[in-house]
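So the structure is just underneath, and the comments pick up after that.
The values are calculated or read from the model by the stated rules, or taken from the named source; none is laboratory data. Only a predicted model underlies this, so the values are computations on that prediction, with no experimental measurement involved. Neighbour counts run over all protein chains shown; Cβ positions are idealised from the backbone, glycine included. Ligands, DNA and RNA are stripped out before the accessible areas are found, and what is left, the full protein with its side chains, is counted by its heavy atoms. Shrake-Rupley method; radii C 1.70, N 1.55, O 1.52, S 1.80 Å.
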Amino acid sequence: MADEAHQTHSPEATQPPPTTAEETEAPPAQQPKPISEPPLAWLSLELQKESLPPTEPPPAAAAPLETEHVTVTAASQPLAAALSVPQEPGEGIEQEKPKAETKPPPQSLGSFKEESNRVSDLPQFELKSLPEFKILVEEGINSAQLGENPSEEVSIWGVPLMKDDRSDVVLLKFFRARDFKVKESFAMLKNTLKWRRDFGVDELLKEDLGDDLEKVVFMHGHDKEGHPVCYNVYGEFQNKDLYAKTFGDDEKSHKFLRWRIQFLERSIRKLDFNQGGVNTIFQVSDLKNSPGPAKRELRIATRQALLILQDNYPEFVAKQVFINVPWWYLTFYTMMSPFLTQRTKSKFVFASPSKTAETLFKYITPEQVPSQYGGLSVDFCECNPDCSVDDPATENSIKPATKQIVEIIVNEKCTLVWELRVVGWEVSYGAEYVPNNERGYTVIIQKTRRMLPTDEPVVSDRFNVTELGKILLTNDNPTTKKKKLVYQFKVTPCAEVILTKSFTSEFPHVERYFWTLINQPNFKKVWGDIQQAESVPPVTSKKPAPPKETAKPKPKEELKKEAAISPKKR
């Protein structure tokens, strides 16, 4: 491994990851009546096809793989600067040809773009109509059209209407949902407030509906623009017991609907309704192993939820991404499409199973994406003690029949912690440390081994750096498919003290064996991190404690007196 690492350190130029294909957008469903005005967006029908293998045959087994180098620097400064990859020609990764330019997140033709929620940013025609809408709302509150009595404060999602600037942000949602038509916007707000009273939304927030569905719908992380991300995992309903418990009869289906509204309401209450704040949610719907439209109860409940959400929760979806989309979903989408507004459909993005991770990474950074979807975010546990969503991650593409080496240059003595994964694996991974000193020894941190799709999704490791050098993370991709590599690392100070440098420097072979030993994972589980001290810390001398006095044996006469006083045994 060490010889191989030195062989691959030639300063040859490399190619950057090729531009990824964009995911599939939603198809334009046929409307009951033709639309006289151009729609806001149209979504194409085809799902993204699998990436075709390279036209050239893969290299022979005996031929060496093409090698790419990615160089980053580990330092105590903020990792945003440390993770930068050289972009100058001839350094690090070569520049891509002019045809491969950096593309924005995939969008459909005329795709939806979230507007500003600041009143001052509104176009002139919208700015003129908003005061009319606010006057109708004020009159509706005073005349009890929006509330049960004129003296009652009318609020929605925890925001009192017509009290402060947050009210303008709420009213803008209804105003935009009805294309800035004053009367239609007021009617929608009035109907929503009435539905909330009839459904008992405020009382619903206080109910305990259990946690059986916490794996079906959950919040996790934020997207690149700061929106909270909500995951909807319909494949959980493959569990027959859970499906029967959720949709067994009308009462259970209604409870599911109430649970879904309660979850949404609690999530909305955490949003920022101040002007300029984030008050929309990034939705991800995982259709892997979804029961499909054949499940009548699920189909009816989904349709009811869609209608309620569209009529009473306007403009709360920043983007709706469907991942692991099966073939049958296009038919189901075509059936549901007439019930959705064109503005809602313009926010949809579809991705096939092979494009799931790639699609999510265009909107969400890898450290924020859950590990089951190709990211690095896992629950806090012994296997993930240090890296978190606060540590930026880097993503690279490994071309077919290519070996990619990530070189992390270490310029200080520290403990380097990293997490790494290749989506779908089927590559060989190894890690080693190469000191700058030519007379130093290369340390094998992780012996090269082939990683299978069934192996752990994220590899976590660490190394105590005692002399300057670099850590090499090698990934061999012998397949004919392009692979997505994501990794993150952080620098932490060294920990506990054992032995001194002045002592171990006289025994270089012992020192090498010592550091090889303490960097083993099983050793760390017992001893933790080890740091070598420059000198022996002073030890304060203490006086020995005086010995305890031993009890002297009593004289025979005293023993006789005690025996005479004690009661006789019968």
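Overview of results
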item	result
Residues located in region 367-387, provided they are modelled with pLDDT of 80 or more and part of a loop (DSSP other than H, G, I, E, B)	VAL369, GLY374, GLY375, LEU376
Subset of region 426-464 (residues that are in a strand (DSSP E or B), charged (D, E, K, R) and more than 26 Å from GLN372 (Cβ to Cβ))	GLU432, LYS447
Options GLY235, GLY277; residue that is out of contact with any helix residue (DSSP H, G or I) (no Cβ under 7 Å at 6 or more places or on another chain), assigned to a loop (DSSP other than H, G, I, E, B), open to solvent by less than 30 Å² (accessible area, probe 1.4 Å) and not aliphatic (A, V, I, L, M)	GLY277
Verdict on SER267 being touching a helix residue (DSSP H, G or I) at 6+ places or on another chain (Cβ under 7 Å) and open to solvent by less than 40 Å² (accessible area, probe 1.4 Å)	no
Considering residues of region 119-163 that are under 18 Å from GLN275 (Cβ atoms) and in a loop (DSSP other than H, G, I, E, B) only, the residue most open to solvent (accessible area, probe 1.4 Å)	LYS163
Test: residue in region 109-124 that is within 27 Å of ASP223 (Cβ to Cβ), touching an Asp or Glu at 6+ places or on another chain (Cβ under 6 Å), among the hydroxyl-bearing types (Ser, Thr, Tyr) and in contact (Cβ under 8 Å) with a residue 12 or more places away in the chain	no
Sole exception among (1) surrounded by 18 or more Cβ atoms within 10 Å (Cβ to Cβ); (2) in contact with a Pro (Cβ under 7 Å, 6 or more places away or on another chain); (3) over 30 Å from PHE514 (Cβ atoms) for CYS414, by number	(3)
Check on ASN117, closer than 30 Å to LYS347 by Cβ, at pLDDT 85 or above and of a type outside the set (Asp, Glu)	yes
Pick from region 447-457, criterion open to solvent by 20 Å² or more (accessible area, probe 1.4 Å) and modelled with pLDDT of 90 or more, ranking: farthest from ARG421 (Cα to Cα)	LYS447
Count - residues of region 349-366 that are closer than 12 Å to SER285 by Cβ and either open to solvent by 20 Å² or more (accessible area, probe 1.4 Å) or part of a loop (DSSP other than H, G, I, E, B) (or both)	1
Condition met for TRP425 (within 13 Å of LYS484 (Cβ to Cβ) and crowded, with 18+ Cβ neighbours inside 10 Å)	yes
